[in-house]
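All of the numbers you see were taken from the coordinates with simple rules; none came from a lab. On a predicted model such as this, the values are computed, not experimentally measured, just so you know. Heads up, the Cβs are rebuilt from the backbone with ideal geometry, glycines too, and the neighbour counts pull from every protein chain shown.
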Amino acid sequence: MASNKAHDSFPPLEHALSEPNGLLAAGGDLSPQRLLAAYRKGIFPWFNKDDPILWWSPDPRMVLFPEELKISRSLRKTLRKDNYHIYTDRSFQNVMNACAAPRKEQAGTWIHPEMIAAYTALHDMGLAHSIETWTDGVLVGGLYGVSLGKVFFGESMFSLVPDASKIAFVHLVQQLRAWDFGLIDCQVRTNHLASMGAREISRMEFSQHLGLLITTTEPSSKWDFGRTWIE
């Protein structure tokens, strides 16, 4: 497993391990140049604090095609209430910090200060975004990720009240549909995402989609879409 030294140099995806699934390389840094080179190839960093930077490209890959979004009856009812507001990029670092908070099902977090600094740099470049659910002036849920071309690479989400992250996710997907985005990367399978229409595709198919969608022009780097129409 090679340690990638050039900012744009990663081993071929077929060199990724099957166990652990998708581990491709170790080393390098989290500079914007390296991160963008990785995302364009369907590679993302994921590692524990004080460990070497690990780069992953799992097979299969969990994705959501925006037109395949599923909204449950109960969530649809929640979305039609007027007790929340949706903001974008209002509090990016706070969203990352909330995503990094300890969870019952996890012993630790991979969203440590080095990662927060790296993605904040992408945010300052207009390439990483947060979609936020606010109630009574308080941030109660949301998610963040990287936008390149017509692909949104989702990284993490959090909820302090029921359905807060789902509310943000639905508004994100609806807006991305309006902008003709073709794909939302969810990285690995979770029941939560599967219930909302995400599904697994092969690494090869994922790479093919990236080849078509990354080269297209993305919307303005400043995101501000507020509430979107809920079908």
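A Gaussian network model of the chain, with springs between Cα atoms under 10 Å, assigns the largest mean-square fluctuation among Ser159, Ser74, Ser207 to Ser74. Taking amide H atoms as placed 1.01 Å from N in the peptide plane, the amide H of Gly197 lies under 5 Å from those of Lys70, each 5 or more residues away in sequence or on another chain.
To test your reading of the geometry: what angle, between 0 and 90 degrees and rounded to tens, separates the Cα axis of helix 203-213 from the longest principal axis of the chain? The helix 203-213 is inclined about 70 degrees to the chain.
Divide the volume of the convex hull around the Cα atoms of the range 60-101 by the residue count and you get 167 Å³ per residue. With contacts defined as alpha carbon pairs under 8 Å and 6 or more residues apart, what's the relative contact order of the chain in percent? The normalised contact order for the chain reaches 24 percent.
With N set to the residue count of the chain, report its C-alpha Rg divided by 2.2 N^0.38 Å to two decimal places.
Compactness ratio reported: 0.98.
Normalised by 2.2 N^0.38 Å, with N the number of residues, the alpha-carbon radius of gyration of the range 46-164 equals 1.14.
Dividing the C-alpha radius of gyration of the range 13-59 by 2.2 N^0.38 Å, with N its residue count, gives 1.07.
For an R0 of 35 angstrom, estimate the FRET efficiency from the Cβ-Cβ distance between Asp124 and Ser18 and round to the nearest 0.05.
0.45
Under 5 Å from the amide H of Gln187 lie the amide H atoms of Met62, each residue being 5 or more positions distant or on a separate chain, with H modelled from the backbone and absent for Pro and chain starts.
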